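Here the structure is laid out as structure tokens; the discussion comes afterwards.
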Amino acid sequence: MNKSELITNLNTTHFAFWDTAIHLPNPTISINGKWSVAQNVEHINIALGRVNNYLSLPKTSIESNFGFSNRESISNEALIEKYLNALANGTKATAPFIPELNINSNIQELVHQGKNNLESFISNLQNWSEEELDKYNCPHPALGKITVREMLYFTIYHVQHHNKIIQK
């Protein structure tokens, strides 16, 4: 996917997730020890915020902290397969990405925060060229150093994954 397609997919998948979330009953109730709808939304907001922070860093800072990739970006399909393998091997969200256990979370407010995060995320992404998406490493807690393009693939898949979770 090129940058334009990535942006379209980021918007489409996140808005579909938020639309599902605001239309589900009892968004603050956790079932079978799983995260509530509100906690899933908060988790996506946290993840978006973290990648947004990365995208807003000066490229010199990214280079010195994470370096350049020494390989081409893998395909979206290969990235998803790599993530699913990590999940199958027991990978779970790490502490910085775990939502608070606040059962009074207002789903409308969480969705509003998510939309603001995505707007900022896409604004920061505009400062990246196609070449830079494949050039810079980006840290991922389960996948290690991946390219920025791969992180964008992950961000799209991740919200789709959580949309399926909340639909169940």
- Query: Do we have A88 as over 15 Å from the mean Cα position of the chain (by Cα) and more than 22 Å from H14 (Cα to Cα) here?
  - Reply: yes
- Are there any pairs with C-beta distances below 7 angstrom linking a residue in segment 6-28 that is part of a helix (DSSP H, G or I) and at pLDDT 95 or above to a residue that is open to solvent by 30 Å² or more (accessible area, probe 1.4 Å) and of a type in the set (A, V, I, L, M), with the two at least 6 apart or on different chains, and if so which? N9/M1
- Query: In the list F15, F68, which residue meets the criterion of being surrounded by fewer than 16 Cβ atoms within 10 Å (Cβ to Cβ), within 15 Å of the chain's Cα centre (by Cα) and either within 17 Å of Q113 (Cβ to Cβ) or not small (G, A, S) (or both)?
  - Reply: F15
- Could you look through segment 102-143, keep only residues that are among the small types (G, A, S) and at pLDDT 95 or above, and pick out the one that is surrounded by the fewest Cβ atoms within 10 Å (Cβ to Cβ)? S129
- Just to be sure, is R50 at pLDDT 95 or above, of a type in the set (D, E, K, R) and exposed (fewer than 12 other Cβ atoms within 10 Å of the Cβ)? no
- Task: Would you please list the contacts, defined by Cβ atoms under 6 Å and residues six or more apart or on different chains, that run from a residue in segment 82-101 that is surrounded by 14 or more Cβ atoms within 10 Å (Cβ to Cβ) to a residue that is β-branched (V, I, T)?
- Result: F97/I46
- Query: Are any of the residues in segment 55-70 touching a residue at least 60 places away in the same chain (Cβ under 8 Å), of a type in the set (K, R) and either touching a Cys at 6+ places or on another chain (Cβ under 6 Å) or more than 14 Å from C138 (Cα to Cα) (or both)?
  - Reply: no
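Being in contact with a helix residue (DSSP H, G or I) (Cβ under 7 Å, 6 or more places away or on another chain) and open to solvent by 50 Å² or more (accessible area, probe 1.4 Å) is the requirement here; does I22 meet it? Quick ask: steps written out before the conclusion?
Numbers: in contact with a helix residue (DSSP H, G or I) (Cβ under 7 Å, 6 or more places away or on another chain): yes; open to solvent by 50 Å² or more (accessible area, probe 1.4 Å): yes.
When the stated conditions are applied, I22 passes them.
The values are calculated or read from the model by the stated rules, or taken from the named source; none is laboratory data. Please read all numbers here as calculations on a predicted model, not as lab measurements. Neighbour counts run over all protein chains shown; Cβ positions are idealised from the backbone, glycine included. When the accessible area is computed, the model is the full protein with side chains, heavy atoms only, and any ligands, DNA or RNA have been set aside. Shrake-Rupley method; radii C 1.70, N 1.55, O 1.52, S 1.80 Å.
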